[in-house]
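All remarks here apply to the structure that follows.
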Amino acid sequence: MALMFLGFGVYFYYDASTGYPQKNLEFFMHKAFVDAGALFDREVGGNGASRDDWERTVMARTVEFPEGYKIPSGVDRTATAWPAVLADYGLMSAPGKGWSAAWQSYSGEMRYPIKPEDHPYDASKIFEQWVAGSVCMVLAMVALFFLVRTRGRKMALNKWQVTAAGKTFRVEDIARLDLRRWKLKGLALATLKPECGGARIRLDGLTYGGFRKEDSPNNAEDFMKALLSLYRGEVVDYEEAPDADAPSARKDGGEHAEHGI
């Protein structure tokens with residue numbers, strides 16, 4: 001989880017600092033080509049502008065980058081000229097091609113997508129990425145904290161002494177052992193006797209030891225078997241149907257207490 005949140009955080013930060021500004025650049029550059037196509041049809045097709053007239057028109061134009069839309073820092077938002085390919089009279093006048101052929105050539109050279117985003121990202125969208133990235137980073141730090149805290153812990157049974165969840169107690173100190181979630185989730189709950197403080201100790205097999213068979217006899221399942229072989233108190237578990245392995249709920253709630261295990 002720490003790696004997952006860290007990855008998402010980096011991804012959101014990348015979009016806020018680099019990804020979205022780059023997509024804005026691609027969007028407005030593409031828009032310049034669309035505008036150039038409309039202008040070419042009007043000036044050349046409608047007004048009969050010559051090849052030289054069109055070239056001068058293109059050289060006098062700059063790409064429009066509206067305020068409120070971030071673009072990469074190396075781009076001059078006030079003096080970025082229309083790409084020179086738009087001045088290619090023959091390419092712009094080709095039937096069925098025009099500005100789209102010019103864009104295909106230019107985008108391939110610049111490694112832009114043929115079809116950029118259908119809308120630009122304003123400052124609020126970029127701010128959302130910073131916020132989302134920060135939230136993910138905080139969650140990554142929380143997950144990393146728990147990872148470091150639990151990494152040194154273990155479940156162990158040394159004769160009659162139990163070590164689990166950072167606590168040490170004796171088997172006879174347990175008043176009740178709840179195994180209802182052990183088979184499905186690898187979780188059990190040991191409640192100590194009142195004279196031993198009455199604490200509820202979480203036995204987390206997935207965190208401490210795991211259930212891999214290759215780790216036997218040092219996995220969580222072997223720990224629980226060893227504990228039950230010594231324990232003589234109350235055990236709470238789901239009753240199993242005689243013809244199935246799955247837990248079966250009884251009419252009285254599906255729980256029963258077994259003694260003397």
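Labels on offer are [x] 120; [y] 128; [z] 250, and the one holding volume of the Cα convex hull per residue in Å³ computed from this structure is [z]. By the rule of a C-alpha distance below 12 Å, with chain neighbours fewer than 8 residues away ignored, the aspartates and glutamates paired with Lys115 are Glu26. Helix 2-14 and the longest principal axis of the C-alpha atoms of the chain enclose an angle of approximately 20°.
The separation of region 192-225 from region 26-72, counted between C-alpha centres, amounts to 71 Å. The angle between the Cα long axis of helix 20-40 and the main principal axis of the chain comes to about 30°, on a 0 to 90 degree scale. Relative protection proxy for 27-34, 14-21, 122-129, from highest mean packing down: 27-34, 14-21, 122-129 (other beta-carbon atoms within 10 angstrom). Between 0 and 90 degrees, the angle of helix 99-110 with respect to the longest Cα principal axis of the chain falls at about 60 degrees.
So if the hydrodynamic radius of region 2-123 is defined as the Kirkwood radius over C-alpha pairs, what does Stokes-Einstein give as its diffusion coefficient at 25 °C and 0.890 mPa s, in µm² per second? Don't skip to the answer; put the middle values down first.
Values: Rh = 15.8 Å.
Here the translational diffusion coefficient equals 155 µm²/s.
Within a straight-line Cα-Cα reach of under 17 Å, Lys159 can be paired with the following lysines, leaving aside sequence neighbours fewer than 8 residues apart in one chain: Lys167, Lys225. The alpha-carbon of Lys23 sits under 19 angstrom from the alpha-carbons of these aspartates and glutamates, leaving out residues fewer than 8 places away in its chain: Asp15, Asp35, Glu64, Glu67, Asp76, Glu109, Glu117, Asp118, Asp122, Glu128.
Give the relative contact order (percent, whole number) for the chain; include only Cα pairs under 8 Å separated by 6+ residues.
Details: 358 pairs, mean separation 41.3, N = 261.
Rounded, it is 16 percent for the chain.
Secondary-structure-derived ellipticity at 222 nm for the chain, considering helices only, amounts to -12500 deg cm²/dmol, per-run term -39500 (n - 2.57) for DSSP H runs with n ≥ 4.
Where a number appears in this text, it was derived from the coordinates with a stated rule and is not lab data. It should be emphasised that the depicted structure is a prediction, and the values quoted were computed from it without experimental measurement. Heads up, the Cβs are rebuilt from the backbone with ideal geometry, glycines too, and the neighbour counts pull from every protein chain shown.
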